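Q: Just passing along the structure, written as C-alpha cells.
Derivation of every value follows stated rules applied to the coordinates shown; laboratory data play no part. Because the structure is a prediction, the values reported are computed rather than measured. We place every Cβ from the backbone using ideal geometry, glycine too, and count neighbours over all the protein chains shown.
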C-alpha cells in the first residue's frame, strides 16, 4: 500500500536532482505498490531514466507506465508507491 504525503517527499528528492517544475497532490487511492511514471511521447527517455535512478536510490521501485496523451496538461505524471 502507498502512503499519504509521499508526493511531497518525491518532489523534494527530484528537486535535488535538478527538476524544477512541480504540481503536487495526493492520489485518490494509496494502492500503488510501485512508483509509476507516465510521460507524453515527446519527453526524452533520459528524463525517465534520471527519475528512475533518483528514486531507486531512495528505495522506490519505479516502472514506466502508459503514455500520456499529447494533449495532457503535464509532461510527466508520477504516482508514488511504497518504498
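Q: If you work out Cα Rg over 2.2 N^0.38 Å from the coordinates, which of (1) 1.01; (2) 0.95; (3) 1.07 do you get?
A: So the calculated entry is the one marked (1).
Q: Oh, and also: How high is the relative contact order of the chain? Use alpha-carbon pairs under 8 Å, at least six apart in sequence, and give a whole percent. Spell out each step's value before the answer.
A: Working: 124 pairs, mean separation 35.0, N = 83.
Normalised by residue count, the contact order of the chain is 42 percent.
Q: Follow-up question, since we're still on this one. Fewest Cβ neighbours within 10 Å first, please rank 54, 72 accordingly.
A: Placing the least packed residue first, the sequence is 72, 54.
Q: I need 80, 10 ordered by Cβ neighbour count within 10 Å, fewest first. Write out the running numbers ahead of the final one.
A: Numbers: 80 25, 10 21.
Lowest count first: 10, 80.
Q: Per DSSP helix of 4 or more residues, -39500 (n - 2.57); summed, then divided by the residues of the chain. What does that give at 222 nm, rounded to the nearest 500? Walk me through the intermediate numbers first.
A: Values: 2 runs with 22 residues, N = 83.
Result for the chain: -8000 deg cm²/dmol, rounded to the nearest 500.
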